[in-house]
Every structure is written in structure tokens, then in C-alpha cells.
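J.: Before I ask anything, here is the structure I am working with.
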Amino acid sequence: MLEAIQSALSFLPDGLVTLLIILLKIFALLLPLLGAVAYLTLAERKVIGYIQIRIGPNRVGPRGLLQPIADAVKLMFKETILPTNANLFLFILAPILTIGPAMAAWAVVPFDDGLVIADIDASLLYILAMTSLGVYGIIIAGWASNSKYAFLGALRSAAQIVSYEIAMGFALVGVLLAAGSLNLGEIVMAQQGSVIQWFMWPLLPLFLIYFISGLAETNRAPFDVAEGESEIVAGFHVEYSAMTFSVFFLAEYANIILISLLTAAMFMGGWLSPFEGILPESMLTGGGLGLLLGSGIHWLLLKTAFFMFLFLWIRATYPRYRYDQIMRLGWKVFIPITIVWLMVVAAMVVGNVGPWFD
Amino acid sequence: MEQTIFYIFSTVLVLSAGAVVTVRNPVFAALFLVLAFFTSAAIWILLEAEFLALTLVLVYVGAVMVLFLFVVMMLDINLTVLREGFARYLPVGLLVAVIMVAQLVYIVGPARFGLDKFPAPPPRDADYSNTREIGLVLYTEYLFAFELAAVILVVAIIAAIALTLRKRVKTNFMKPEEQVLVKSKDRVRLVKMATEKQDD
């Protein structure tokens, strides 16, 4: 399809065509992503509603399905309130600094074999670098708002994100040790064979720690002390309204989807079919049922949806951690476990321990 | 094309590096330093050093500068106090600056650092892994220096902790390992007794 577009645009100069194709790819990724973000908010309210034996939003459209659209329209037409004595330049810059890295990280995410915008060599490192930039938006928002609640939220969030980034980084080191590559596509392909080959088995502690650190990195319950409605109102975005607020919201949910997708890709075999090695090869290839049972983007989306559901489930189940407990969990529990398990993984890789590393 | 990109990034880099030392507000200075790090990472990517560039963003921008900003935001800096003695220290400052510039020019000037001395490396193939090459060199040729650096860092960590560690005498803190061992019968005693007749 891309070749067809390329030839149709051949009257334009070469560089411009490349630029247009890249822009097209970005739109093809971001539009479904923003749609998914919008409907994740609805899913969150519905799922938590059902868990708490309520119905959740059910007024706008059939079964409340148009609720995200109503929310978006409402947020767009609300007034953006700029606090007096706030630093206006940084106040406006903060949401942009949050959503920018959250979107940029998606550039290297593979959805299927070769289905990726930028297939770079060190894509795992790129994602880690980009997600680590998101904290600036939060800190700057807290400081520029000129509000004590916002500032406290920003400080909490900065300390928390920096702490859990270490555990998360160590978990990723384990993955790249096991896969022998920093490229996400190659990491997924290293898990080929059967369900047993998925990295969640040899890297089980790292898998759990990565996902829990992901909860902390995205400031989600039970680690949402940065928002902490019961103590500091809404934390770093207490002064934000209308679109500036919804941009923070978009970034948070885009990060949730990113973490879910990365967990699925790095530990649960990404787009690989769970029936590999169980069903005969002939059933997994070819048309019809083979398309459904064989490897493909639908498995990745299904696994991602499972982890997104876990995010919501955990939010509805666990009470918020106290701040010192969060810090203890990150520094005194997760980091030692990851370091020990890194040595175990290294020993397994060197010793060619089967069935994963032989 | 590449040259244009380089000049755009280096302009931003030089301007933001200048702004770090000239802006009044320390928070803005820290943010300009972040911008300077980020743009130099972009220039490193132009040099095909993607591992170093991404590590620069990850470590310096993503962690070190966050803590920096953290501290700077909590400081209550009085600028007039800071500017006292500016004229008095100016000659010393100027002398140091002149010597540093002279040293820089001597070392990285065109006589020693020109393109003829250090030609641009030939572009590598798409499957050339920068990360793998650095790892190979680091763990074979420079293993000793690498481990030495690691030991020095550990010593620095221990020193920093030892300097800031103080035992507060009267604080209540919980020991989770004791908390999880608590049984309900340690805390609550259920007593069975006959109902007593109430006096009228």
C-alpha cells in the first residue's frame, strides 16, 4: 500500500514524499491510539463500576458508548483558567512536555514482524529514555502552578518516578540479557517456539516487578500519591482545567497503554500466537482459521488489553500506599530482587539452561 | 541536509548553554541545562553514537537533572545576597575564564582538532550495532578501568550515605517484618463472661 502512495506522489520532490509517508505512518498510529485512550477512560469507569456493583456511565449513547466523545467536547469548550502569579510560559509548556514523550515513545513500538515506524537498533533504550522525560511535565506543572498542593504532588511524583525507574531499568536489563538484543522486534522473535519460550517464565520476578513499577511510573493506584485526592486535592494538576488538564489525562492513559503493550511484548511473546508448538503448523498458517490462530497483531492487542484490564482491576481493588511504604517497596524490595535475579538470568544464559537459552 | 540539522541543533545548544549562566531564575537555568543536554544528545545521534546519546538522555536528563530541579525548586534563593561582591570577585573570575578559554583554544583549536586530524568516521551499515561494539570494547580492552570506575562509584555511594545518615532518637517507625508476623491474638483478647444484672 505504501508503494502505491509513493508512486501516486512521485510528482513531488523525493524528500517531501518521504516526509509525507512518515507523517502518514504517524497518523496511522496516533489516531487509533487516541481513540484507545478515549475508550480506556470509558472502560475504566465501566469496569470499576461493575466491580463496585454499579452500572457506570450509561446515559450518552447506547450503553454509554458515546461518553468519551461527550467528555472530549465538554473539555474542549471549558474555559482554560490561568492562575494569577503562575509562570504562564511554563504553565502551558508542562502539559506539552508530558504528552510529547508519551507519544514519541510509540515511534519504535513494533506491532507485528516489521510493522513499526522506526526500526532502530536500541529501541528499548529509546523507550526508557523517552518515558523518563515524562516526569518533567509533572515537575514543571507543580512548580509553575504556584500552588502548594500542586508543588507537593510534583515533588512526590518526581521522587517516586526516579525511584521506580531504577527497578524498571534493571528489569529491562534482564530482558535484554535473555534476548541478546535491544531491539523490541528481535526481543519478541527471541520468544518464538511455544508458550514455554515466553520470557515471563525465566524472568518471572522481573516480569512482576516491571508491571508493578509500571503502575508506579504512570502514577496509578495503588501508587497514585502524586494525585492523592484525599490529601493534596489532585496533586500536580490541581490548577489545570479544560484542555490543559485533558492533555495530562491523555498522556497518562497513553503511558498506561504503552506499559501494557511493552509488558505483553517483552514477557508474553508480543504478537506470537500462544498456540505455537501446541497446534500443528498447518493450522497456524494460511487463511481462515489460520489467520485467527496464527501469530499476528490481534494477539498483541489482546495481551495488551489484558494488562490494561489489570491496571483497572488493581485500581478498584487496592487501597493507596503510604508514601514511606512506596519508597520502601521500590528501594528495599524491588531493586535487590532485580539485582539478584539479573545474576540468575546471566548464569542461565551462560550455562545454556533449557528450554529457554539452549 | 545533515549539516543544516547540525547547525540548527548546535545553535540551540550554544544558546541554551549560554542561557544556563545568564538567566536570573535558577529553575529556568536548570531547565536550560536540560535543553542543552537534550540537544547534545541529538548531535551525538547525528554522529551515529546512538547508545551514548540515549544514555545521556536517560541518565542526565531523566534522572540527574530531575533531582537537580527538585533541589533548586525547594531553595529560597535571595538574588541580592547572591549578587553581593560581584565586582570584588570579578577580576579573579575573569582571570579564570581567560585561562580556561586559552586552554580550550589550545586543545580543540583547528591546529590540533581540525577535520584533517580527525576525519569524520565512515557511515556504517544499518545492521551495525553501536551498543554491541561499546559493550565488547568495555568488557575486554577496558575491563580494568571499567571495574575501577564501578568500585569508585560504590565508594562514593557509601560515603554519601554515611555523610547523611543520622539516627534520630525519638521517631516512631514501623518494622514491616515485625508487622507481618502479628497475629490477631497478640493484639485483641476476647473475654467470655456472663451478663451482669444492671442496678436500677
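J.: Rg and Dmax in Å for the stretch B:158-200, alpha carbons only: what are they?
T.: When restricted to the Cα atoms of the stretch B:158-200, Rg and Dmax are 22.7, 73 Å.
J.: Next question, about the same structure. Note down the nm distance, to one decimal, between modelled labels 7 Å out along Cα→Cβ at B:Ile8 and at B:Phe113.
T.: Each label point is offset 7 Å from its Cα along the Cβ direction, giving 2.5 nm.
J.: Provide the per-residue ³J(HN,Hα) series for the stretch A:173-182, in order, calculated from phi with Karplus coefficients 6.51, -1.76, 1.60 and θ = phi - 60°, each as a whole number of Hz, with x at glycine and proline positions.
T.: Calculated HN-Hα couplings, in order: 4, x, 4, 6, 5, 5, 8, x, 7, 9 Hz.
J.: I've got another one for you. Restricting attention to the stretch B:100-200, which trypsin sites (Lys or Arg not before Pro) occupy a DSSP loop and are surrounded by at most 10 other Cβ atoms within 10 Å?
T.: B:Lys117, B:Arg166, B:Lys167, B:Arg168, B:Lys170, B:Lys183, B:Arg189, B:Lys192, B:Lys197
J.: Ok, one more. Run the helix sum for chain B: -39,500 (n - 2.57) per DSSP H stretch of 4+ residues, divided by residue count, reported at 222 nm to the nearest 500 deg cm²/dmol.
T.: -20500 deg cm²/dmol
J.: Right, next: Measure of size requested: the Rg and Dmax of the stretch B:49-164, with Cα atoms as the atom set and Å as the unit; please supply both.
T.: According to the Cα coordinates of the stretch B:49-164, Rg and Dmax are 21.3, 58 Å.
J.: Among the aspartates and glutamates, which have Cα under 17 Å from the Cα of B:Lys175 when same-chain residues fewer than 8 positions away are ignored?
T.: A:Asp324, B:Asp186
J.: Could you name the lysines whose alpha carbon sits less than 17 Å from that of B:Lys185, not counting residues in the same chain fewer than 8 places away?
T.: none
J.: How do the peptides A:50-61, A:165-176 rank, highest first, by the average count of neighbouring beta carbon atoms within 10 Å per residue?
T.: Descending packing order for the listed peptides: A:165-176, A:50-61.
J.: Rg/Rh for the stretch A:238-357: what does it come to with C-alpha atoms and Rh from Kirkwood?
T.: 1.10
J.: Another one. Ranked highest first by the average count of other Cβ atoms within 10 Å around their residues, in what order do A:341-348, A:131-138, A:205-212, A:243-250 fall?
T.: A:131-138, A:205-212, A:243-250, A:341-348
J.: Follow-up. Over 27 Å between C-alpha atoms is what I'm after, so list which of A:Lys46/A:Lys74; A:Lys78/A:Lys303; A:Lys74/A:Lys303; A:Lys78/A:Lys148; A:Lys46/B:Lys183; A:Lys148/A:Lys332 land there.
T.: A:Lys78/A:Lys303; A:Lys74/A:Lys303; A:Lys46/B:Lys183; A:Lys148/A:Lys332
J.: Rounded to whole Å, give me the distance from the Cα center of the stretch A:201-247 to that of the stretch A:62-108.
T.: 17
J.: Once you have the alpha carbon radius of gyration of chain A, what is it after dividing by 2.2 N^0.38 Å, with N set to its residue count?
T.: 1.05
J.: Would you mind classifying the stretch A:1-71 by shape? Square roots of the alpha carbon gyration tensor eigenvalues, ordered a ≥ b ≥ c; an a/c under 1.5 is rounded, otherwise it is prolate if a/b is larger than b/c and oblate if not.
T.: Prolate, since a/c reaches 1.5 and a/b exceeds b/c.
Read-outs: derived from the displayed coordinates by stated rules, not from any lab. Remember, it's a predicted structure, so these values are computed and weren't measured experimentally. Counting neighbours? That spans all protein chains shown, and the Cβs are built from the backbone with ideal geometry, glycine included.
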